[in-house]
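A.B. asks: The structure is given below, and queries will be raised subsequently.
Laboratory data are not the source of any read-out in this text; all were calculated from the coordinates shown. Computed from a predicted structure; not experimentally measured. Heads up, the Cβs are rebuilt from the backbone with ideal geometry, glycines too, and the neighbour counts pull from every protein chain shown.
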Amino acid sequence: MTFSFPKAATVALMTSTLALGACSKKAPEELPPVQQTATPTPTPTPTGPVGASVGTQAHFEQAVGSSTTIYFDTDRFNIDSTDAAALQAQAQYFARFPQLNFTVEGHADERGTREYNLALGERRANAAKNYLVSLGVSANRIRVVSYGKERPVALASNESAWAQNRRAASVIITGM
């Protein structure tokens, strides 16, 4: 058994094959660049602040370490080189966070009268404030208070405790 196509069908088949062959595209002289599919950058998952929040005493202490407090000799309120280094660290912190206000608290040891120690604590706090202002911290950001001998950090009656209590401490406040 043989199949035969009508002559017209054969001619039509050949014509369409030739027509399709004539429509074939020529390869371009230069191929377009390969499109790279961009890998989407993963969006970081918010983890929240690490450590203490800016504007808190904890953040201040974390940033400047033990430099939040300076210490004085007996009956003195002068800034020595150790105090200057601590106050410079504080000034750098307050320059980075100009929205923050703070108090410099002046303290004295238990010896002397209440009035004398309040005045001495105020001179110590003002000495620290004036040094910070000389380093560029705006004076209107700094509040000064003296507690005299009323808020000791060490409760013993010896030279070690007295040395810890003769201080000026910078404390972040929320508003003025």
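A.B. asks: Local charge sum around Arg76 (other residues, Cβ-Cβ under 11 Å, Lys/Arg +1, Asp/Glu -1)? Working shown, then result.
C.D. replies: Details: positive: Arg123, Arg124, Arg166; negative: Asp73, Asp75, Asp80, Asp83.
That sum, taken over residues with Cβ under 11 Å, equals -1.
A.B. asks: Between Val133 and Glu115, what is the label-to-label distance in nm when each label sits 7 Å out along the Cα-to-Cβ direction?
C.D. replies: Reported label-point gap for Val133 and Glu115 is 2.7 nm.
A.B. asks: Right, next: Please arrange Ser134, Ser146 by counting, for each residue, the other beta carbons lying within 10 Å of its beta carbon, fewest first.
C.D. replies: Ordered by Cβ neighbours within 10 Å, fewest first: Ser134, Ser146.
A.B. asks: Using a 10 Å cut-off around each Cβ, can you sort Phe77, Phe97 from fewest to most neighbouring Cβ atoms?
C.D. replies: Phe97, Phe77
A.B. asks: Mind grabbing the base-10 log of I(q)/I(0) for segment 50-132 at q = 0.10, 0.21, 0.26 Å⁻¹? Debye formula, identical points on the C-alpha positions, no solvent, two decimal places.
C.D. replies: With no solvent term, the Cα-only Debye profile gives -0.27, -0.97, -1.26.
A.B. asks: Another question, then. Loop only per DSSP, at most 16 neighbouring Cβ atoms within 10 Å: give me the GluC sites (Glu not before Pro) in segment 86-176, ordered by residue number.
C.D. replies: Glu110, Glu150
A.B. asks: For a quick check: sort Thr103, Thr82, Thr68 by the number of other beta carbons within 10 angstrom, fewest at the front.
C.D. replies: Least crowded to most crowded, the residues run Thr82, Thr103, Thr68.
A.B. asks: Computed FRET efficiency, Cβ-Cβ of Ala84 and Ala58, R0 25 Å: what is it to the nearest 0.05?
C.D. replies: After rounding to 0.05, the efficiency reads 0.50.
A.B. asks: How much net charge surrounds Asp109 when only other residues with a Cβ under 12 Å from its Cβ are counted (Lys, Arg +1; Asp, Glu -1)?
C.D. replies: +2
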